Structures are given as structure tokens and as C-alpha cells.
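Below: one structure, written as C-alpha cells.
The values are calculated or read from the model by the stated rules, or taken from the named source; none is laboratory data. From a predicted model like this one, the values you see are computed outputs, not experimental measurements. Backbone-built Cβ (ideal geometry, glycine too); neighbour counts: all protein chains shown.
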Amino acid sequence: MARMIFTGLSPNVERDDVSLALRLLVAPWAWVHGTASTDLERTVCAWLPAAHAFAFESGRTALTAILSTLGLQSDDEVLLQAYTCVAVPNAVLWSGARPVYVDVEEQTFNMSPDDLERKITPKSKALIIQHTFGNPADVDHLSAIAKRHGLFVIEDCAHALGSESEGKRVGTFGDAAFFSFGRDKIISSVFGGLATTSRDDTAESLRRLQSEFPLPGRGWVARQLSHPVILSVAKATYDAMGFGKLILEASKRLHVISKAVTPLEKRGERPSFTGKRMPNALARLALHQFSKLERFNDHRLMIAGVYDRELSSVATSGPGRPVIAPASSPGVRHVFLRYTVRTPHAEKIRRALKQEGILLGDWYDVPIAPPGVRQDLVFYRPGSCPVAERLATESLNLPTDIHITEADARRIAERFLATV
Ligand SMILES: Cc1ncc(COP(=O)(O)O)c(C=O)c1O
């Protein structure tokens, strides 16, 4: 039988990352304290470039920190797109304000400037521009609207480390930006995030906030360090009589490994692991992954090219096109965190490919993901973003990570075409 293909489950972890995690696991004195988070901040500042960077235990905490510098009140509004992760509206709620959802453009999955104009009110204070799946949003247009209304602009680069627009890296266009090093992002340290800014006033407030945040406890860090180790064993044995699947389920049930989004967060509430600085050991993992960033992103682009070619017959065929390939604007570097197609047959294809050992991604199959999020508790009103709602039912993401070979991509496309 052909080997299993995963879209999620530690997509960025290679052998050297597992061996680094193991070395760190046996060095508990290096788990919490050390210089690696400062090294990570300096490395990303020089690369982006940005004048200032601040490392936190997750992207959601980095975003909450940026929003907290604005001193928001309970009736202040922060605009963000629907077709997002609950981590984003939650950060707005945790900073004391109210999320207001803007619809997306069907071709890019990014915010619609026309709907943004409609959703701005005198209470609007900030705008979060998300570069969905690594596809740079129309930052010039969206920022121009924001500036006209005096909004503070934050770029959500959780999916887009290395994406560019007109030769500039995303994260350099707004007043501030944040990145995620979550387990299934562009690079991974299981949990981790960075807030960046080139504004000295914002940096001053972020520095103060960061210094007030505690570091996570040793137990939490140890759980995150175990994650790449357990996941690599689980993936390697996944189809060996269901052994790997069992390891995965048992580790989750016994809380040996963490969840990306907790049940509390699905109700808009704040779990206790957030609001922390980035611990030394996770910053070591992130720095190591950062050294592989260009290889990872070049690989993603190469795999996206295979899908483009292999799916072109259906993606471009006549009326009622069964598959719509992802589109990006001229002058951008889309890094394809995932290759997300649209098809009315999404669910059928996902199920059929699962039978063949190809686990496709199910990201964003509800307007505020993941499934199980109480949309009402994060202030999403059904019908308020119809395009995002439709995309959520039609989108299907194909893997592009470093473990996917050209042959895998061709196999996925071939099975995909056989099912459409
Ligand atoms: C678009 C988007 N923004 C922000 C986040 C939050 O990042 P983190 O998981 O590091 O908190 C995520 C993922 O969870 C995301 O998908």
C-alpha cells in the first residue's frame, strides 16, 4: 500500500527537529530561561526587517499584546475578516474590545476592501489584515481605507512568514504585525509567536507588557517538547494496525500533548497557558526551524506548481467549473502554507481520499474555525459574511509541506481528479 499522506500533524518536523527536542528534553535547566527568545527576536528583526520584535508563547498572545497597547474600551470595535481562526477574535475579546467581521474576496480568501468600507463605524479603532494561507492581502488598498478612518493597522502573518508583496515582506506594511510558530504554521515550535513593529511608541508599550508577562512553567514546556517526538512516532506507525492513531488519541486524552485550540477558547474564553513570554526551549526550536525557512517555502512553491499543472484540466474547464485553483495577484509571493482549492464536492473528495490514506486538511470549514467554535460567543452573526460562509463549505486544502514529494502531489491530484 502507498504511504500515508498527512496535511496536518506536525508537517514541518524533520529528524533534526526531533533530535533537538530530545536533547532539550534532557536539559531541563534550559527549558524556561535562556537567551534564545532574544536571539529569535533579533534574527526576525534583521530579516523582516523591523525595528522591534517581542516573543510570546503564541501568536494569539502576541496579537492580544499588540491590541492591549491601544487601551481599547468595551464598545470599541476591531475589524477582522471572517474565514479565520478563533484565536483572532478571541485576542480582540481578551483585549477588552468587540470583533466586527468583514467578508472576504472569493478568489484570494483575503479581506474585501468593499465590505471593509461598509463595516467601519465611528467605534472602529483597529484593523487586522490577514494574509490567508500565505497569500498576501491587498495591503495598500486596505491600509489606505484604514488610514482614512484613523485605524491602527495590524498584519496577521500567522500563515505568511516569507510572503512578499512588491518585493517587501508581509509584516512590514502596517503599524504592527504578528507571526505564529504554531505546530502547523510556516515554521513550528509547537507554540510560539512574535509581535513586530517599527513604531517606537508601540514598541515601548509592548516592551513593558512583555516584561510584565510571566514565563510558562516547566511542565508546560516539557509537554510542548514532547509533541514533535510523539507525533513523529505516531505518524511513522499510523497505518501499522492503527498503532500510531492509538498513540495520538491516548496522548491527547491523557493530556501528554497539547491541543492547538482548547475547549475554553471555542467559547471565547482565555486559557491559563496564554499571556506568557516565549520560553527558551521553544525559541531554540523556532530558531532551528527558521534556518530552514527558505527551503520550506521554496518547496511549498514547487509543490503548488505541481498541483497547478495536474489540476489545470478541471480547474480551468468550462461552465460550473468543478475545481477552482488558488489565485494570487501579480507582484506577490504567495508561500502556499496549504494549496487551497474550491469545489462544491469538498466533503466527498475529503472522504474518498481518506479511504486511500490521504488525509486532506479541514482548516476553515466554518467561518470562525475550528469546528465546535460557538460562533455567537465570538460575535459572529450568521449571514453577515456570505462569501466566507460559502468558502468554508467549498474549500479543501492540499498539503505542501517538506514531506510531500512531487510524486505524492501527483498522486493526490490524480486521486482528486478521479473523485471530482
Ligand atoms: C489566521 C490566524 N491568525 C492567528 C492565529 C493564532 O496563532 P497561534 O496559534 O500561534 O496563537 C492562527 C492560528 O491559530 C491563525 O490561523
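Any idea which residue in the range 206-233 is nearest to ALA21 (Cα to Cα), counting only those that are touching a residue at least 60 places away in the same chain (Cβ under 8 Å) and touching an Asp or Glu at 6+ places or on another chain (Cβ under 9 Å)?
Out of the qualifying residues, it is PRO228.
Within the group GLU117, GLU106, GLU77, which residue is under 23 Å from LEU398 (Cβ atoms) and among the acidic types (Asp, Glu)?
GLU106
Please pick out the residue among ALA286, ALA234, ALA250 that is buried (at least 17 other Cβ atoms within 10 Å of the Cβ), at pLDDT below 95 and assigned to a helix (DSSP H, G or I).
ALA234
May I ask you to list the residues in the range 361-386 that are out of contact with any strand residue (DSSP E or B) (no Cβ under 7 Å at 6 or more places or on another chain) and surrounded by 17 or more Cβ atoms within 10 Å (Cβ to Cβ)?
Within the range 361-386, ASP362, ASP365, VAL366, PRO367, PRO370, VAL373 qualify.
Quickly run through the range 77-96 and pick out the residues that are touching a Gly at 6+ places or on another chain (Cβ under 8 Å) and not hydrophobic (A, V, I, L, M, F, W, C).
PRO89, ASN90
Quick check, is ILE129 free of Cβ contacts under 8 Å to residues at least 60 places away in the same chain, under 24 Å from PRO49 (Cβ atoms), assigned to a strand (DSSP E or B) and in contact with a helix residue (DSSP H, G or I) (Cβ under 6 Å, 6 or more places away or on another chain)? Step through it out loud before you land on a result.
Details: free of Cβ contacts under 8 Å to residues at least 60 places away in the same chain: yes; under 24 Å from PRO49 (Cβ atoms): yes; assigned to a strand (DSSP E or B): yes; in contact with a helix residue (DSSP H, G or I) (Cβ under 6 Å, 6 or more places away or on another chain): yes.
Here the answer is yes, as ILE129 does meet what is asked.
Report the residue count in the range 148-184 for those that are more than 10 Å from the ligand (Cβ to nearest atom), surrounded by 24 or more Cβ atoms within 10 Å (Cβ to Cβ) and either part of a strand (DSSP E or B) or among the hydrophobic types (A, V, I, L, M, F, W, C) (or both).
6
Taking the stated definitions as given, is SER205 away from the ligand (no atom under 16 Å from the Cβ), farther than 24 Å from ARG15 by Cα and at pLDDT 95 or above?
Against the criterion (away from the ligand (no atom under 16 Å from the Cβ), farther than 24 Å from ARG15 by Cα and at pLDDT 95 or above), SER205 qualifies.
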